[in-house]
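Read through the structure below, which is laid out as structure tokens, and then see the notes.
Computed from the coordinates by the stated procedures, all read-outs in this text should not be read as laboratory data. Quick caveat, the model's predicted, so the values are computed rather than measured. Glycine gets a Cβ as well: all are built from the backbone with ideal geometry, and neighbour counts include every protein chain shown.
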Amino acid sequence: MTANFLTTRRAALAGLSATALTAGRVHAQVPKKGGTLTFLQNAEPTSLVSLTTVGTPSLTNSAKTTEGLLEYDYDIKPKPALATEWKISPDGLRYEFKLRPNVKFHDGKPFTSADVAYSIQLLRTVHPRGRNTFANVAEVQTPDPLTAVIVLSKPAPYLIKALTAAESPIVPKHIYEGTDPLTNQNGNAPIGTGPYLFKEWVRGSHAIFERNPNYWDPDLPRIDRMVCKFVRDAGARSVAFENGSGDIGYRTPVALADLDRLKKLPHLVFETEGTSYSYNVQTIQFNLDSQYFRHLKVRQAVAHAIDRSALLKAVAYGYGTVSHVPIAPGLKEFHSPELSPYGYDLKKAEALLDEAGFKRGPDKIRFRVPMDFNPIGDESRKVCEFTRAVLNRIGIAVEIRAQDLSAFAKRVYTDREFDFTYNGHSNLFDPTVGVQRIYWSKNFKRGVPFSNGSNYNNPKVDALLEGAAVENDPVKRRQMFLDFQKIYLEEVPDISLYSPLYLTIKNKRVHEDSPTADGVESNMSRVWLDA
Amino acid sequence: MRMGRRIARTLRRTAIHAVPTMLGIVVLDFLFLQLMPGDAADVIATEAGSATAETMALMRERFGLDQPVLTQLASFLGHLARFDLGYSPRFNASVVDIIMERLPNTVLLMVTALGFALLVGIVVGSVMAAWAGRWPDRILSVVVLLLYSMPGFWVGLMAVVLFSVKLGWLPNDSNMTIGSSFTGWALIADRAAHLVLPALALASFFVAVYARLVRASMLEVQRQDFMRTAHAKGLHPFLIQLRHALRNALIPVTTVAGMHLGNLLGGAVVVETLFGWPGMGRLALEAVLGRDFSVLLGVLLLSSFLVILANVAIDLLHAWLDPRIGEA
């Protein structure tokens, strides 16, 4: 499966035209200074610091002003950022960070271990994921201004991967102390240690960041100014790439149908680097309390009816990798290469439905069931239409139900008035953070989006996930996740379909935009422009 | 003198009507919005792709979403009584600030589009009426029919393809060159260049409406007694058309234009999205999707205020165009 993933990925890369290769050679050039980078973003952030929200638009902008302790290479191996050295005790309970000296916030105040301790405390209480990521933090010790020690009550093997700027921002203590972090105005005009200074945010239009002349690395940043334009319309983004008014955008910023046309333009480059910090897996999610899908055989029948490769081609033009399991192929360490035991086979699907007691009626229909979808992706409706077509062939009549994001969240997670949906989840940087929440019975929480929405409950799975969350031995931990995926494949609590491949589109004058795992969500301090 | 009394009466009547109208709009909107599934905390959590029960409870508490509906309404009205539109939890900013950033852009786009539509519509309609049944009328009728049946966003898209992509003459996005530091004429030229395409896209449909309206009204007026009298007096045909026919024909046009103003305020969403124009239509749409009700109520309140103002202006215009209106 890993090999399979690589070939698909390579095929996709090969399709990215020769311009990508020439861009690779240009990297060797001496970086130029100056210029304005125009960064096209699909939506407007609600805050420019990803402290109380982790909405993608906030993650996109946060690191430009507000940095993290570490950066990561494409394989999520840590590299120094605000921390220059780090040591983890053998029992996995003490993380000691040596901080970079002579770092100053944009307002001139020095950055010290007190800011680290305070930020981690904030992340634990107000950050939507930090509450889980930092749940085991007992205290943060600050023996001296340039040393911070995170002391855990239980091991948290994923913690060392969670410290990027966007995921765990280090904010200035002196600005947040004594205020309500949810209403603090730092999110509207951020002060951090980052390579760019906040200049302005015109809502509905753009935000501007300017070169921080006092950045701790005197050679960086290289550009004078970054204009982040919020362009809601995908067609308008295509036009901006086409006529050169936009320089860069990520997570495939144009309609997939436009890609072939744009790839013919000589001034555009398509790259896949810098997307390894967060892989999504798209799923057909069942409500296990539904009168139909609580039957294992019905779920197995649906699994038999779905041809993942055909679906991927039909809905996403092949931009993605088929995945039978909820841990994305990109997380090579944990992804199980096993395939679903219920491969594409309509005859078996029909037999299973008969066995489950859902015989075809006089109108050839076994039962009618509504399908909802998470409207955040462009492909969502197409996946539902694909599903409706294939399930129709085995006698299940599907009615597609559309609603906006809030209504979808309320239907699935609060009211639980649904039978099955098309939904997607981010794996993030580790299955304990990104995958456990969906299958852990203790995370069946009404009203909380992207919790265990299926109401899946298997004590063996719970034990494996809880074990992996505190297991220090990487080999044992990996085995636990593989065992979990084996059970998952048998029990079909949902059907994993594919992991989307996201492209960064840029003008060829842009260089070194994505040298780390989180790509353009990083601080982009090294980015530079031709002419 | 008569005009002065007329103005005073119109203003008094409007003031008496306006307050209950706006209050009704706000209260009804508030109650209708409660019927929408989900709240701001749901949206923020769903957009984030992650949440915990604790962070969601924290958000609801801070935003006052955990309060009963009537308490929320009372608090909203209480703020309103102090001319305070409240606070947007989504943007962590005051609603007045958020709206005031957008209002000038919206008014600029709206007035330009409506002004353009009226000007072109009236000229084209007059030409069509003057040559009714002959070839200029026939040709213009086809053009007007095309404009009438093509959706504004499609006209906009095609204009973008031609003028922004192929020719590269006009910008397709935003209301100015972001990050520029133009002053004086350069600033005005930059703004105007950004205004052309969205204003054309927004105006295209209304051009057709006004042209057809002007044509019909002018043809109707031609048969009136006072037109015959004017001809008998020996006035120049151009003056007859301008002073007698057109002036009368403008009554229905301005009435309809007044109503369209409301349309344009909210209905510009598509054009604003297409051209990345930071206006109120998009703000309203995003507020609905984000369940950011304080912002939405603010937009609705301000829009109703603008519509009422526009209607006053139209009333006064009518009094000037035709002194008989509202005399009784």
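For the stretch A:179-246 versus the stretch B:25-69, the spacing of their alpha-carbon centroids is 28 Å.
Can you tell me the length gained on complete extension of the stretch B:ASP137 to B:LEU167, counting 0.36 nm per residue apart and subtracting the Cα distance? Write out the running numbers ahead of the final one.
Numbers: separation 30, 0.36 × 30 = 10.80 nm, distance 3.17 nm.
Length gained, B:ASP137 through B:LEU167: 7.6 nm.
Dividing the Cα radius of gyration of chain B by its Kirkwood radius returns 1.05 for Rg/Rh.
Against chain B, whose longest principal axis comes from its Cα atoms, helix B:280-289 is set at around 40 degrees.
Once backbone amide H atoms are built at 1.01 Å from N, A:HIS206 has A:PHE230 as its partners under 5 Å, excluding neighbours fewer than 5 places away on the same chain. Residues of the stretch A:107-122 with amide nitrogen under 11 Å from the 7 Å Cα-to-Cβ point of A:GLU85? So the set is empty, nothing qualifies. Among A:LYS229, A:LYS313, the ranking by other beta carbons within 10 Å of each residue's beta carbon, starting with the fewest, stands as A:LYS313, A:LYS229.
Taking the Cα centre of the stretch B:245-328 as origin, work out the dipole magnitude from +1 charges on Lys and Arg Cβ and -1 charges on Asp and Glu Cβ, in debye rounded to 20. Numbers along the way, then the final one.
Values: 4 positive and 6 negative charges, 15 e Å.
The dipole magnitude comes to about 80 debye.
For the pair the stretch A:68-125 and the stretch A:317-377, the centres of their Cα atoms are 43 angstrom apart.
Compared with the dominant principal axis of the Cα atoms in chain B, helix B:247-267 is inclined by about 20°.
Of the cross-linked pairs A:LYS264/A:LYS506; A:LYS98/A:LYS173; A:LYS32/A:LYS161; A:LYS32/A:LYS104; A:LYS64/A:LYS87, which ones have a Cα-Cα span greater than 21 Å in the structure shown? Please report the intermediate quantities before stating the final value.
Details: A:LYS264/A:LYS506 13 Å; A:LYS98/A:LYS173 18 Å; A:LYS32/A:LYS161 32 Å; A:LYS32/A:LYS104 25 Å; A:LYS64/A:LYS87 27 Å.
Flagged as over cut-off: A:LYS32/A:LYS161; A:LYS32/A:LYS104; A:LYS64/A:LYS87.
The residue list A:PHE408, B:SER141, A:THR164 was ranked by how far each Cα lies along the charge dipole of the protein assembly as shown toward its positive end, using unit charges on Cβ atoms, and B:SER141 comes out on top. Using the rule -39500 (n - 2.57) for each DSSP H run of four or more residues, divided by the residues of chain A, the 222 nm mean residue ellipticity is -8000 deg cm²/dmol. Close amide-amide hydrogen proximity is noted between A:PHE134 and no other residue 5 or more places distant or on a separate chain, at a cut-off under 5 Å (H modeled in the peptide plane; Pro and chain starts excluded).
Relative to the current alpha-carbon distance between A:ARG446 and A:LYS313, full extension at 0.36 nm per residue lengthens the span by 44.4 nm. Dipole of the protein assembly as shown computed with +1 at Lys/Arg Cβ and -1 at Asp/Glu Cβ about the Cα centre; of B:GLY49, B:TYR87, B:VAL161, farthest Cα towards the positive end is B:VAL161. A cut-off of 5 Å between modelled amide H atoms, ignoring neighbours fewer than 5 places along the same chain, links A:ALA81 with A:GLU71.
Counting other beta carbons within 10 Å of each Cβ, put A:TRP216, B:TRP185, B:TRP131 in order, fewest first.
Details: A:TRP216 19, B:TRP185 8, B:TRP131 14.
Ascending Cβ contact count within 10 Å gives the list B:TRP185, B:TRP131, A:TRP216.
Calculated mean residue ellipticity, 222 nm, chain B: -25000 deg cm²/dmol, from DSSP H runs (n ≥ 4) at -39500 (n - 2.57) each, averaged per residue and rounded to 500. The modelled label-to-label distance between A:ASP473 and B:ALA313, using points 7 Å beyond Cα along the C-beta direction, is 7.8 nm.
Distance from the alpha carbon centroid of the stretch B:179-240 to that of the stretch A:425-470 works out to 64 angstrom. Peptide B:167-179 has a mean of 5 when you count, residue by residue, the C-beta atoms of other protein chains within 10 Å of its C-beta.
Return A:SER290, A:SER441, B:SER204 ranked ascending by Cβ neighbour count within 10 Å, so the fewest neighbours appear first.
Exposure proxy ranking, most exposed first: A:SER441, A:SER290, B:SER204.
Would you mind working out the magnitude of the charge dipole of the protein assembly as shown relative to its Cα centre, with +1 at each Lys and Arg C-beta and -1 at each Asp and Glu C-beta, to the nearest 20 Debye? Dipole size: approximately 2320 debye. Less than 29 Å apart at the alpha-carbon level, and either on another chain or at least 8 residues along: which lysines does that give for A:LYS359? Cα-Cα hits under 29 Å: A:LYS297, A:LYS347, A:LYS348, A:LYS382.
Mean separation of Cα pairs under 8 Å and 6+ residues apart, divided by the residue count of the stretch A:66-182: what relative contact order is that in percent? Display every interim value, and only then the final one.
On the way: 205 pairs, mean separation 38.6, N = 117.
Rounded, it is 33 percent for the stretch A:66-182.
The gain in end-to-end length when the A:GLU139 to A:ARG393 segment is fully stretched comes to 85.7 nm, 0.36 nm per residue minus the alpha carbon separation. Note on A:LYS32 and A:GLN291: their simple-model spin labels are 6.8 nm apart, each label 7 Å out from Cα toward Cβ.
Compared with the dominant Cα axis of chain A, that is its longest principal axis, helix A:56-65 is turned about 20°. Whole-Hz Karplus values for the stretch A:499-509 come out as 10, x, 9, 9, 9, 9, 10, 8, 6, 5, 6 Hz, taken residue by residue from phi with 6.51 cos²θ - 1.76 cosθ + 1.60 and θ = phi - 60°; glycine and proline positions read x.
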